[in-house]
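This is the structure I want to talk about, given as structure tokens.
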Amino acid sequence: MAEKGGKKEAKAAKKAKEEGEKPKESVGAAVAPKFKQPWDGLLSLFTFFIWAYIVLLVFIHPVWGVATKMVRMNAFIASMLGMAMGHAELGLLLSLSNALIMELYPLGYLVDWVPYFVFCIVWFVTIAVLARPFTPSPRRQPRTGVMITALAMILAFATWYILAIFLHWKGYEMIILATSCFLVFPIWATLFHYWPFIPKKPNAHPAVRGTVYAVVSWALAFVIRGVITYLLWSNPVATAWAQYLYGNPLTPLTPTEPYDFYNSLLLCIIVGSVIMSVVSPFPNVPQPKRGLANFGLAVLIGVAMWGILTAVIGQSSQTILVTGGVPYLFTFPYVNHGAIAAYAAFPLVTLLAGQFTFGMWPWSKWGIKGSIALVVVSFLVGTVLYYIFMVNPGLAVIFTGANLLLPVSGLETVYMFYLGIGLMFSSTGAIWNALVYCLYFEGVAEFLGRAVMFAWILTVLIFFMLAYEAFEHWPWR
């Protein structure tokens, strides 16, 4: 009996030991995430936001940015030299490299790095999305993420270098192409769900599949860019007149407006495509009918959004400095399509963050109703952020460092020079000059702050947000 009891106890102990080991084995086979949502999303958001902001401070800052260096020379000295030649405004043009003077700076500040980072997004989508294997494979992080991100940035620089240096494209010409790419490249995964490779050629090599999608997408992007360029310059006299006062390239009127008209429309359609990828209706409709229907609705949503924003926030006025003896400010009303694009960037970022960074949390619990709720919340959050940074209190000027442009460049010295002369000699004309220049300089800082904020969110932040997906939220998962 003692023997039988001992055997039973041994069997029970062995069984208990095996059962005790099984949970450990199952945990090792499927390791639980370190942080659940929303903590995983918040930590990931903080991580790629810091990466993107470091890029802003080190490379894109308007004063000391390594890649830009907007301040080229002391504005006071340049203005005095310009006055000697009868054109004081030359001091402003020569001291600032910016997109407003595209004839002098065809690859100037903003328009030089914006297309590069959009090309980064395009190449990342090509490598990490269109050419990814369908079967999951173990990946070593952060090595995999670094390799994908670095390759995307290298290919983007090669694209930018060929277009800008060899083909002599201007910055805004590259931005139109890059925006067209941003519209076309993702739809093969988000709207068409890899059709026609799925279901026809699911075993095709990922590199082959990615190459096919890339070739077709580049061709479509160049066609869209060609159509837009033709429409822009079908009447070159009218376009040049709209860009510069009296057609004079040294007197910017709305130099980016002809391009912003189409870029804002393309960006609204991009937002429409993201909305359709989030909501994803017609689950039972086969491809390519489903993809075409979704893309058609994306275009309708984008055009409707563009029209509404044109009426709501697109109405604006432009003030330029006109010199010739006594300077004066010339103000005229116009439709500011740049403001439309700037607004669209904010809900686009919040939509992508909800879709990828937070993994549709918590909206995935409620099906298509939850997806629609995510779209609504994203627009609400994006609108609030837009007004905080771009309207009131206008934190974009401080956030981007544009507030440092005036004292560092010497623009404040020009204002103080005229003010000092006016007060010293009781010169009404000099005081008037000081007031006019002061208002103009404040406008320069405000314009630059908003422009950099919009461009940074739309390009750098979105690129790092997407690139962080290649890291699979390492080290938080």
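The values are calculated or read from the model by the stated rules, or taken from the named source; none is laboratory data. Keep in mind that this is a model prediction, so the values were computed, not measured. So basically every Cβ, Gly included, is an ideal-geometry build from the backbone, and we count neighbours across all protein chains shown. What goes into the accessible areas is simple: the full protein's heavy atoms, side chains included, and nothing from ligands, DNA or RNA. Shrake-Rupley method; radii C 1.70, N 1.55, O 1.52, S 1.80 Å.
Check each of the chymotrypsin sites (Phe, Trp or Tyr not before Pro) in the range 143-217 and keep only those in coil by DSSP with at most 13 other C-beta atoms within 10 angstrom; list them in order.
Counting only loop positions with at most 13 other Cβ atoms within 10 Å, none of the chymotrypsin sites (Phe, Trp or Tyr not before Pro) in the range 143-217 qualifies.
Using the heavy atoms of the protein chains and a 1.4 angstrom probe, tell me the accessible area per residue for the chain in square angstrom.
Values: 23360 Å² over 477 residues.
Value for the chain: 49 Å² per residue.
According to the Cα gyration tensor, what semi-axes, each the square root of 5 times an eigenvalue, does the equivalent ellipsoid of the range 114-238 have, listed from largest to smallest in whole Å?
30, 19, 10
Follow-up question, since we're still on this one. What size of dipole, in debye to the nearest 20, comes out for the chain about its Cα centre when the only charges are +1 on Lys and Arg C-beta atoms and -1 on Asp and Glu C-beta atoms? Show your work: numbers first, answer last.
Details: 28 positive and 18 negative charges, 556 e Å.
Rounded to the nearest 20 debye, it is 2680 debye.
May I pose another question? If you take the beta carbon distance between V408 and A293 as r and set R0 to 51 Å, what does 1/(1 + (r/R0)^6) give as a FRET efficiency, to the nearest 0.05?
Numbers: r = 53 Å, r/R0 = 1.04.
About 0.45, to the nearest 0.05.
Kirkwood hydrodynamic radius, computed over distinct alpha-carbon pairs, for the range 355-411: how many Å, to one decimal?
When all Cα pairs of the range 355-411 are included, the Kirkwood radius is 13.8 Å.
Now for a different question. Translational diffusion coefficient, Stokes-Einstein: compute it for the chain using the Kirkwood radius over C-alpha pairs as Rh, at 25 °C and 0.890 mPa s, and state it as an integer in µm² s⁻¹.
Values: Rh = 25.0 Å.
For these conditions, the coefficient is 98 µm²/s.
Something else: By how many nm would the segment from S234 to Y328 grow when fully extended, if each residue of separation counts as 0.36 nm and the alpha-carbon distance is taken off?
Working: separation 94, 0.36 × 94 = 33.84 nm, distance 3.32 nm.
Result for the pair: 30.5 nm of gain on full extension.
Give me Rg over Rh for the range 428-477, both radii from the alpha carbons and Rh done the Kirkwood way, two decimal places. Numbers along the way, then the final one.
Numbers: Rg = 20.6 Å, Rh = 14.0 Å.
Radius of gyration over Kirkwood radius for the range 428-477 works out to 1.47.
Across all directions of projection, what mean area in square nanometres is found for the Cα convex hull of the range 80-119?
Seen from a random direction, the Cα hull of the range 80-119 projects 2.8 nm² on average.
Return one quarter of the surface area of the convex hull spanned by the alpha-carbon atoms of the range 187-295, equal to its mean projected area, in nm².
Numbers: hull surface 35.6 nm².
With the hull built on Cα positions only, its mean projection is 8.9 nm².
Using helices alone, I'd like the mean residue ellipticity at 222 nm for the chain: each DSSP H run of four-plus residues gives -39500 (n - 2.57), total over residue count, nearest 500.
Taking each H run of at least 4 residues, the total per residue is -20000 deg cm²/dmol.
Right, something else. How much of the accessible area of the chain, in percent, comes from carbon and sulfur atoms when a 1.4 Å probe is used?
71 percent
Quick one: what does P(r) look like for the range 293-365 with 5 Å bins over all Cα pairs, in whole %?
3, 13, 13, 15, 15, 12, 9, 6, 5, 4, 3, 2, 1, 0
Using 26 Å as the Cα-Cα cut-off, could you pick out the over-long pairs in K201/K365; K36/K365; K34/K201?
Checking Cα-Cα distances, K201/K365; K34/K201 exceed 26 Å.
Ordered by residue, what ³J(HN,Hα) values in Hz, to whole numbers, does the range 63-74 give under the Karplus form 6.51 cos²θ - 1.76 cosθ + 1.60, where θ = phi - 60° and Gly and Pro are x?
Those phi angles translate into 9, 10, x, 4, 8, 10, 6, 4, 7, 9, 7, 5 Hz.
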